[in-house]
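Here's the structure we're looking at; comments come further down.
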Amino acid sequence: MSTPGITVGAREWRTPPVAKHALYSMLYLVVIIGAWWSYVHIAKVPPFLLPSPDAVGQSLLTMGSNGQLWGNLGYTVRNIVIGFVGGVVIGTVLGYLLSVSRWAREIAAPYVVILQAAPKIAIAPLLVLWFGLGLTSQLILILALTFFPMMIAMNLGLASISNDVKTLGDLLGMSRIRYFLVVQLPGSLPSLFSGAKVAIIDAMTGAFLAEYISAQSGLGFLMVLGNSTYNIPMLLAAVIVTVAVGLSGFGLISIAESRLLRWRSTR
Amino acid sequence: MTDFLAVTSVTKVYQTAQGQSVTALSDVSLEIADQEIVALIGPSGCGKSTLLRMIANLDRSFTGEVRWANPPKPGKDIGFVFQEPALLPWRSVARNVALGLEGKGSSKSVIDSRVSDLLEMVGLQDFATSYPSELSGGMRQRVAIVRALAYDPQILLMDEPFGALDAITRDRLQDDLLRIWEQTHKTIVLVTHSVEEATYLADRVVVLSPRPGRVKSVHTVPLSRKRNAETRELPEFARFAGMLRSELE
């Protein structure tokens, strides 16, 4: 463990790493927006192909002030959260069952893989047909996308526990529940986090895909609306918010990972 | 004579994936006294580790008998040290040592004081809050040894415990083990490939023959219990180790 006093003493004269990171990110943003702005103005790109950054910013502000943005953002974020959490729980439980029970493995494994090999876009219209245009079909699509990486991650995590540690669990007379809580779950966390990083992106893909096909609200719906009404600034604003949502989801998982897996960073 | 532990006519036959039956151990009998250090040596695949797993009650499919003066209580009486430390990397050193004490009704303060005594015994008291990844290989194996001793088991079983370490660390850990024995007088059964290690540590050495494993011979080490670096220089030491080596050929 590092002693905070020593770390502070040695780095006093430097910029704190977090501030440095934020500074670099800002610089990137300025450069990209600057390049975009220059390209639009110098090459005289027509606004229906690529509006300039200030038009997109204006659209973002308008949607923010008239509430159009918040309602749709909230709708999408809620669906992502429900779908992601549900997918994590289902995937982890399935992964555990498939690992510990040969019986479950032999019955379920082929179907699971076939289901996963099928492109989800192909299933999406079926889901709409079966479950209607509402929330149900959207959530099922998100769940179908997110559970798989978590299931694989749980499988890999459990397989990573060494035979000696399993023997130790036997010797210490650990019950199945205690062994799961003390050994298997913490031992699988690194790979569960890798799985969660894939799953959160899949959850977002699922949410937007669902909104493209069927929804009456959400960020995906905003994109469709912007596109079909030739409101290109609105389309781009929705894309930018979408990217921001994606980065936040990924960032939150990375923060949780570095908190919970502190033992890995002290190497 | 009531032995601390008696292994009588143990035979182990297992089926390979190809359906052939292989005899790993054949009619092995062995008595172990309380507070004794016994080394099992033999060529690779002679069933030394299998025998250790039978004593630990991890392997129950064999014929013959493993009889204890006091049958071990599950989860409390067998200390086991593997070739790899097998520590839980997400637990601090202290929490790794505490693993076998948790969930057995001891209070936290009792566990804490037991753990700090154990860490002091192997000179790791300053590393209680470190993670295993911050330790050297030798230190990790010391943690594994005191983890096995934490719940005061009847017997300490060691499966090539120093096999993965370099020569210098290995010598140091052998001295640590002897010091631990001085303090605890635990019965130790140790599987090893090294005749020097067997000679240096053990009271008696059991030589097993190649597969199927049988007890080829049992030798009492002709050295006093007090052993240190000079012991390795003694002519008896070299003679005994040489004799063991010729037994293995």
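Every number here is computed from the coordinates shown, using simple stated rules; none is lab data. This one's a predicted model, so the numbers in the text were calculated from it and none came from an experiment. Cβ placement follows ideal geometry from the backbone for every residue including glycine, while neighbour counts extend to all protein chains displayed.
Coordinate range of the alpha-carbon atoms in chain A per principal axis, descending: 74, 63, 31 Å.
Simple point charges give the picture: +1 on the Cβ of Lys and Arg, -1 on the Cβ of Asp and Glu, and for the range B:51-190 a dipole about the Cα centre of about 460 debye. I need the shape label for the range B:123-163. Rule: rounded when a/c is under 1.5, else prolate if a/b > b/c, else oblate, with a, b, c from the alpha carbon gyration tensor. Oblate shape, in that a/c is at least 1.5 and b/c is the bigger or equal ratio. Using a Förster distance of 35 angstrom, determine the FRET efficiency expected from the C-beta separation of A:Arg102 and B:Thr23, and round it to 0.05. With a Förster radius of 35 Å, E is 0.80.
Remark: the range A:95-205 carries a charge dipole of roughly 80 debye about the Cα centre, counting +1 on each Lys and Arg Cβ and -1 on each Asp and Glu Cβ.
Rounded to the nearest 500, the helix-only mean residue ellipticity at 222 nm of chain A stands at -27500 deg cm²/dmol, with each DSSP H run of n ≥ 4 adding -39,500 (n - 2.57). May I ask you to sort B:Ile111, B:Ile32 by Cβ crowding, counting other Cβ atoms within 10 Å and putting the fewest first? By the 10 Å Cβ count, ascending, the order reads B:Ile111, B:Ile32.
Taking other C-beta atoms within 10 angstrom as a stand-in for reagent exposure, B:Val215, B:Val38, A:Val85 fall in the order A:Val85, B:Val215, B:Val38, fewest first. Normalised by residue number, the volume inside the convex hull of the Cα atoms of the protein assembly as shown is 233 Å³ per residue. By the beta-carbon count within 10 Å of each Cβ, the least crowded to most crowded order of A:Met26, B:Met139, fewest first, is A:Met26, B:Met139.
Using a/c under 1.5 as the rounded threshold, could you call the range B:58-157 rounded, prolate or oblate? The axes a ≥ b ≥ c are square roots of the C-alpha gyration tensor eigenvalues, and prolate needs a/b larger than b/c, oblate otherwise.
Prolate.
Net charge dipole, the protein assembly as shown: roughly 900 debye, given to the nearest 20, about the Cα centre with Cβ charges of +1 for Lys and Arg and -1 for Asp and Glu.
How many angstrom lie between the Cα centre of the range A:218-232 and the Cα centre of the range B:71-99? Here the answer is 60 Å between Cα centres.
Modelled label positions at A:Ser65 and A:Val243, each set 7 Å beyond Cα in the direction of Cβ, lie 2.5 nm from each other. Prolate is the label for the range B:111-224, because the ratio a/c of its alpha-carbon gyration tensor axes (a ≥ b ≥ c) is 1.5 or higher and a/b is greater than b/c. Here's the picture: a label point sits 7 Å out from the Cα of B:Lys216 along the beta-carbon direction, and within the range B:44-84 the residues with their amide nitrogen under 13 Å of it are B:44-48.
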